[in-house]
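The values are calculated or read from the model by the stated rules, or taken from the named source; none is laboratory data. Small disclaimer: the values here were computed from a predicted structure and weren't measured. Neighbour counts are summed over all protein chains in view; Cβ atoms, including those assigned to glycine, are modelled from backbone coordinates with ideal geometry.
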Amino acid sequence: MRILVADDDPVVREVVRRYLERDGLEVVETADGPATAEVLARNEIDLAVLDVMMPAPDGIELCRAVRAGPHPQTPIILLTALGEEDDRVIGLQAGADDYVTKPFSPRELALRVASVLRRAHPAPVAEEILRGDGVELDRAARTVTAGGMPVELTAREFDLLAFLLSHQRRVYSREQLLSEVWGWNFGDLSTVTVHVKRLRAKLGAAHRIETVWGRGYAWGRADSGDDAANSGAGEAVGRAD
């Protein structure tokens, strides 16, 4: 995802860029209205963060121009030092998806960017039927077959198998599986080991749960180097003037 950060304060741009890049986003920076308008016209971004008080055209004018132009769907967050309710309403009426008042927490802005992106680019619906090496899992019916024969799984065994089939040939550590499948940030890692052992026994010859020593588990032979990605709110930036 490519994010435009438009602000005439280089410190604001630097801090916001740093936080957004931490989230894996690509950042394009501009310092005034004309340069920002040029980037917006090319429609090469997924979201724009616009400073209301930039040299003309300002953020409000640019927001209105985008909404009236050929690419009105571009998500926009306004940065404003104007805290009065009427000023916020003007920004929203201009078509902004959200606004952040200066001075602001860059972490909060990054979270708002992520939230607007999720609304603008919803994740695809998960596949209902997952298949791998003779195993078929139906999410809706909560059923599993291996080699054409039904397999009875507990709810957690089912969720673990669904996760592995959804991420075939990717290695996940026990800590990551505990977080992704159980939703726990801490706990007994042997819980994962036991469930993997049970899955292997129940799937029999059809199971493809590989142990990658020193790294974790994968469904199918893991691709070389294809590990699962491992996963300053107090800092405030932006002039209040």
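For this structure, a couple of remarks:
- Hey, LEU82 at pLDDT below 90, among the hydrophobic types (A, V, I, L, M, F, W, C), outside any strand (DSSP E or B) and touching an Asp or Glu at 6+ places or on another chain (Cβ under 9 Å) or not: no
- Filter pass, ASP86 being surrounded by 14 or more Cβ atoms within 10 Å (Cβ to Cβ), of a type in the set (Asp, Glu) and either over 30 Å from GLY204 (Cα atoms) or in the same structural domain as VAL194 (by TED's automatic domain parsing) (or both): no
- Neighbours by Cβ (under 7 Å, 6+ apart or cross-chain): first from the range 102-126, in a helix (DSSP H, G or I); second at pLDDT 90 or above and of a type in the set (Gly, Ala, Ser): none
- Qualifying residue in the range 62-75 (condition: under 20 Å from ASP9 (Cβ atoms) and out of contact with any Leu (no Cβ under 7 Å at 6 or more places or on another chain)): no
- Any hit, the range 152-170, residues being β-branched (Val, Ile, Thr) and crowded, with 19+ Cβ neighbours inside 10 Å: no
- Among the residues making up the range 82-105, those that are touching a Gly at 6+ places or on another chain (Cβ under 7 Å) and not charged (D, E, K, R) are TYR99, THR101, PRO103, PHE104.
- Residue pairs whose Cβ atoms lie under 6 Å apart, separated by 6 or more positions or on different chains, with the first residue in the range 1-24 and assigned to a loop (DSSP other than H, G, I, E, B) and the second among the aliphatic types (A, V, I, L, M), are MET1/LEU25; ASP8/ALA31; ASP8/MET54; ASP23/ALA110.
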